1. In whole angstrom, note down how far apart the Cα centers of the stretch 513-591 and the stretch 447-498 are.
2. If we count other beta carbons within 10 Å of each Cβ, what is the order of THR372, THR445, fewest first?
3. Write out the trypsin sites (Lys or Arg not before Pro) in the stretch 573-654 meeting two conditions: DSSP loop, and at most 12 other Cβ atoms within 10 Å of their Cβ.
4. Give the order of TYR576, TYR704 when sorted by the count of other beta carbons within 10 angstrom, beginning with the fewest.
5. Check each of the chymotrypsin sites (Phe, Trp or Tyr not before Pro) in the stretch 133-179 and keep only those in coil by DSSP with at most 13 other C-beta atoms within 10 angstrom; list them in order.
6. Can you tally the net charge around ALA456? Count Lys and Arg as +1, Asp and Glu as -1, for every other residue whose Cβ sits under 10 Å from the Cβ of ALA456.
7. From Cα pairs below 8 angstrom and at least 6 apart in sequence, can you work out the relative contact order of the stretch 406-558, rounded to a whole percent?
8. Of all DSSP beta bridges in the stretch 9-76, what percent run antiparallel (nearest 5)?
Amino acid sequence: MGGEPEAVLVTTDLTVGGMTCAACVTRVEKKLGRLDGVSATVNLATGLARVSHPANLRPEELVATVEKAGYTAALPAPPRTRERRDTDGEAREDARRERDRLLITALLAVPVLVLSMVPSLQFRNWQWLCFVLAAPVAVWGAWPFHVRAVRGLRHSAASMETLVSLGVVASFSWSAYALFLGGAGGPGMRMPLSLLPSASDGAAHVYLEAAVSVPLFVLTGRFLEGRARRGTGAALRSLARLAAKEVAVRDAGGERLVPIERLGVGEVFVVRPGERVATDGEVVEGSSAVDLSLVTGESEPVEVGPGSAVIGGAVNAGGLLLVRATAVGADTQLARITRLVTDAQAGKAKAQRLADSVAGVFVPAVLALAVTALGFWLGAGADPQAAVTAAVAVLVVACPCALGLATPTALLAATGRGAQLGVLVRGPQALEGLQHIDTVVLDKTGTLTSGHMTVARVTPVPGGIGRDAALRLAGAVEQGSEHPLGRAIAAHARRARPELPLPDVSGFGAVPARGVLGRVEGRLVEVAAPDGELPTALSDALPAAEAAAHTTVLVRVDGVPEALIEVGDALRPGSYRAVDRLRRLGVRPVLATGDREAPARAVAAALGIEEVHARRTPEDKAALVRKLREDGRRVAVVGDGVNDAAALAGADLGIAMGSGTDVAIGAADVTLVRGDIEALADAVLLARRALATIRTNLVWAFGYNVVTVPLALVGLLSPMLAAAAMSVSSLLVVGNSLRLRTWQPSPVRRRTR
């Protein structure tokens, strides 16, 4: 009997509101996970839930499930310009409301704190003034905590809001009892500052500073933390701002300005100096330099001309360009970059999953500890207010904010910084994989080399017409050739003297199995494979060309040898530095290519790579990766073509060149957007720094609770100090993560063994 067919799974993103700590994250994930066939990953820092669910389950049901858990949820709006502006405006409005609530709370709370903590300033009936000032803080200032706590309790859930709300209510309620019924309302009442529980001396003490300090410090921490967390997503927002809103389209009817959404593939648009390229395309007219630094991390402007590919978001730094659109909307490289960064920030590292698991039981455990502390101090004969104070301190100090922020803020900062440097990491698992790789299998063509034929060297005959003249004549003849060698020579000749157009050729013809010939400016020019006797300067150059696996052609003018041109697949700039830096990081480079042995050996020798595998099919590359992994190596594969996709998918970590095919990029965990292999060393260093930052954050978050909770239990921590400590712990974690935003790659030191 056959089994039932597996349900088709789809992925839906939800924007979740109202989450404040790791316990909230755990609750949302568990609620969604109880649905049949559903799994979810929720990120506290971004407020994004990525849900995998059967196709027959409507997204609206997912939203309803989150709302039943006591939180708000919505499907992300389509990324249109106007909606993005509205979202930004809403975020600014929320930040303004938070600031206003904090400022009013501070104005009311500071006098209460000063009078309560400095006995010499306590005048007649001071406690009643403090009560009047504290009441709005305990009710209105802490209102967001009360609302979320009640909402959570309705759904049998406890979170940080529960702890804060209970702390404020307990402190204020006890103070109200002390003032009205406990004898603390007398005109001459004084309250000494004490951190330790004390026996009752008749009149109950008021502890209004606890009722105001908890919301004050938590609101302050939240406000600063929110600003910092918004900062970690700055890279993603800057990518979104690169997208053009309007584009000048040129057609038979002239030039017209249209919204970017109406631009179609194949249409020609204008890019004036200083403007951004509206979308990916190919230059059809004009020449200029374009600045790709904000898109790919490439620091130097790139010269472009007719036939050159340009990326949407790049800035035109020179002349007027006419560009034919080759991709629009979600198919552009900028959209792909933004999508990859968003995906990376939605995931979780292994360490965060552990923290979330702990947080799921942490809040109930804290509530039990607070009740235990209250019962113990009352049983020990301590002042009831001191007992309540110890319990409130436990509630407040144990809020697991730092625990919930330890990993996602670091991931946000690291993936955003990586995008700025031209390194796109698909998710936390890829970041962890980057840290541990010890072997990297490198493709040759398109990865270590440029992937297209270029002129490597021109050797003229001494006393002849000279290098430039020979190259110009050869380029003129090769204009009529479709062979890659001919195109490379013609392109090099144009770049060598851009101010002089190549002369016309007449009588063009091909010499079978040899080359081409034609008449240029009245002279017979032949560009063909060298044969027969050559002048000494040219014959001496041949062995070096063969050793470098270059293809050589001889330029004859009116039958006289004039120059030898070497054409080959040139090394990418920075390939040597990249391989050297990887070795210094303790990563062994291995070259695997489908090319011939001679070119492979030549490239390996130039880069100092000892292990070379030439003439390898895609299956051979995948088998090599399996063999290395069986030998205990942690393997990364770097490639750019369809033939690399199997090896990329089979490696511990697949790394694609940004200039490569969609198949290679789709199979990869990391994409080097700027097409520079040296970015791989930057990626490894960034991963190691990010994982070290996460470990530091988690050590602090766990260590903070291990130290402060016992202090609160024994009465050595007042609620005021507890609230301050809790806020400071969150700020330290976020601040430590923000350091990744300014991280700069530095030369690596040789690893000592």
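Since every read-out is calculated from the coordinates, none of them should be taken as a lab result. A quick note: this is a predicted structure, and the numbers were derived from the prediction, not measured. Note that each Cβ is placed from the backbone with ideal geometry, even for glycine, and that neighbours are counted across all protein chains shown.
1. Cα centroid of the stretch 513-591 versus Cα centroid of the stretch 447-498: 10 Å apart.
2. Values: THR372 13, THR445 20.
Ranked by crowding around the Cβ, least crowded first: THR372, THR445.
3. Passing both the DSSP loop test and the Cβ count: ARG596, ARG615.
4. In increasing order of surrounding Cβ atoms, one gets TYR576, TYR704.
5. Working: sites: TRP140, PHE145, PHE172, TRP174, TYR177; in loops: none.
Nothing satisfies the criteria.
6. Around ALA456, the surrounding residues sum to -1.
7. For the stretch 406-558, the relative contact order is 16 percent.
8. Values: 15 of 15 bridges.
Of the beta bridges lying entirely in the stretch 9-76, close to 100 percent run antiparallel.
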